[in-house]
1. Placing unit charges on C-beta atoms (Lys and Arg positive, Asp and Glu negative, everything else neutral), compute the dipole magnitude of the chain about its Cα centre in debye, rounded to 20.
2. With N set to the number of residues, divide the alpha-carbon radius of gyration of region 216-277 by 2.2 N^0.38 Å and report two decimals.
3. Could you work out the per residue convex hull volume over the alpha carbons of region 485-590, in cubic angstrom?
4. Mind listing which trypsin sites (Lys or Arg not before Pro) in region 56-91 are in a DSSP loop and have 11 or fewer other Cβ atoms within 10 Å?
5. Round to the nearest 0.05 the FRET efficiency obtained for residue 501 and residue 365 when R0 = 25 Å and r is the Cβ-Cβ distance.
6. Please give the calculated 222 nm ellipticity per residue for the chain, where each DSSP H segment of at least 4 residues contributes -39500 (n - 2.57) and the sum is spread over every residue; nearest 500 deg cm²/dmol?
7. Express in % the proportion of alpha carbon pairs of the chain at distances exceeding 45 Å.
8. Could you work out how much longer the chain between residue 148 and residue 277 gets when fully extended? Use 0.36 nm per residue separation minus the Cα distance between them, nm to one decimal.
Amino acid sequence: MILSAFRSSKFFGSLLLTGTILWAGCKKDGPKNDPVTYGNSFVLTINKDKAMYKPGETVSFSVNRPLTGNLKVRYRHLMETISEAPFSESWSWTAPAADFTGYMVDIYEVVDGKEKIHASTAVDVSSSWTKFPRYGFLTNFGQLTDGEIGNVMNNLTRHHINGLQFYDWLYKHHLPLAGSGTAPQSVWKDISNKDVYLSTLRSYIDVAHQKGMQAMFYNLAFGALSDAAGDGVNEQWYLFKDVNHTAKDKHPLPQPYFKSDIFLTDAGNTQWQQYLVAKNADVYQALNFDGFHIDQLGDRGTLYNYNGASVNQASTFKPFIQAMKTAAPTKKLLMNAVNQYGQQNEIATAPVDFLYTEVWGPNEQFSDLADIIRNNDAYSSNTKRTVLAAYMNYNKADQTGYFNTPAVLLTDAVIFAFGGAHLELGEHMLGKEYFPNNNLQLPDELRNALVRYYDFMVAYENLLRDGGSFNTPAVSCTNGKAVIAGWPAQQGKVAAIGKEYANRQVLHLVNFTNANSLEWRDTNGTQVKPVGIENMDMKITVAKTVKKVWLASPDAGNGVAAALNFTQTGNDITVTVPGLQYWNMLVLEY
């Protein structure tokens, strides 16, 4: 979320101490924080020209350094090889006709009878980004060069980010565009008094579209600044703390750092809805945004409208969303469910394109992340995927330093294994709900690992995020290398997460063997790296005859799937897993 989660004076104090409250999103000096680059130049990287492709579209590839040998490029869907071709340092491929399909692409050669995989990437072939949303963010809309914009967008493209939230770009919450739709101002101040350049917004949107991404503008469903009356906002549209409309509900912000407190209007008031519809029409006329990212502030307690009637704020979300959709039917919509507030009966059944949850306490356990994703699946009858805004190393982000690699990778492993995505990547990586905070950098280990994890999420999206039913197959380690237990995660054990398809059993193995906590946020950055497990003999009970077993991991083999030898005796499969660091995906094909 954005300003909505500025919860305490302690938070404001930390911002003031670190100097990020106003300037972090646009400062030009200080520690470099560019986590979405790919580590050092010695790591061979395959780059693509887009984050997502339509069926039949041309995919252009290149590598970041020369490579010689008897090399081939291989295209795979899951374990099936689609085609191969000789390697060259830049090449193209026609995306297959099948819609909503993920592919793994790797460069390999055979050395002494064994495959040597040099590098890999993934390709998402989808006609719409909301089937498999991978959501990122932008925060800095100062006067940027084409090169600066290009660097950010190339990095996000490499992570296959296919949708972008434009954070706090707006002039005022009740008047998001400065000027008019036909004559927008060239520059304005945002809520925190930073410059926003129209040219930068337009450039980012244009480049996003060139790279197969969609651009979503952020705003609250119900925000107005202190000068809103002069812009046509009626006193009767507000929410109040009392029945006599003497005290407007407001979200206080420290001034002069911010322009104003944010006063809450009634999102269910049809006159307010139509007022904002008209302002959004100006936005769409001046800027080629693809949709509206709607924010809220969580449960505000007892509130009243101007006439003194009690207002259940969550119940106003669905009619607000419906009004926005009616006004702009071709535009995408999503709404933040702060800790699931309003999600079940309002947001999930409204015309939003996927579900978005900002996660706060008490939802601090790895199991809570899984529960939110699975609940969202149920609320939407398995028709809408989930993106979680889940801020890592939260307290540590009060000061400069580095993100904790094990915490981020374990959290991503759990979110991805349960079919979600993690809002974490933009110009930097998120550690706070105030997106410009860039105190924490990524160490090279994490910088490189994240590329592999996002490749993995895309290449295997049809097993991770496309149907199937979670189940709990009987599984055990038979040679003492580990203790395997079903979900939820337990310290000292490997967590097994099962998912069944008509012709496959998927088994995710997430390594919590030496985790010092099961709190995903790892607020102080103290989580420890799992000890790798080698040659783990496993027994898995199945109900059908298995014809193939294969393994893929973002932690090994560049994420490329490899067949495993196995034995089936009755209903029991025995197989040796060669290694487990953080996360493996074992697939049994019937």
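1. The dipole of the chain has a size of about 300 debye.
2. Cα-based Rg divided by the globular estimate yields 1.13.
3. It comes to 105 Å³ per residue, whole-number rounded.
4. Counting only loop positions with at most 11 other Cβ atoms within 10 Å, none of the trypsin sites (Lys or Arg not before Pro) in region 56-91 qualifies.
5. Efficiency, from the Cβ-Cβ distance: 0.35.
6. Calculated mean residue ellipticity at 222 nm is -6000 deg cm²/dmol.
7. So the pairs more than 45 Å apart make up 17 percent of the total in the chain.
8. 43.1 nm
The values are calculated or read from the model by the stated rules, or taken from the named source; none is laboratory data. Since we're looking at a predicted model, the values are computed, not measured. Neighbour counts are summed over all protein chains in view; Cβ atoms, including those assigned to glycine, are modelled from backbone coordinates with ideal geometry. Surface areas here come from the heavy atoms of the whole protein model, side chains and all, with no ligands, DNA or RNA. Shrake-Rupley method; radii C 1.70, N 1.55, O 1.52, S 1.80 Å.
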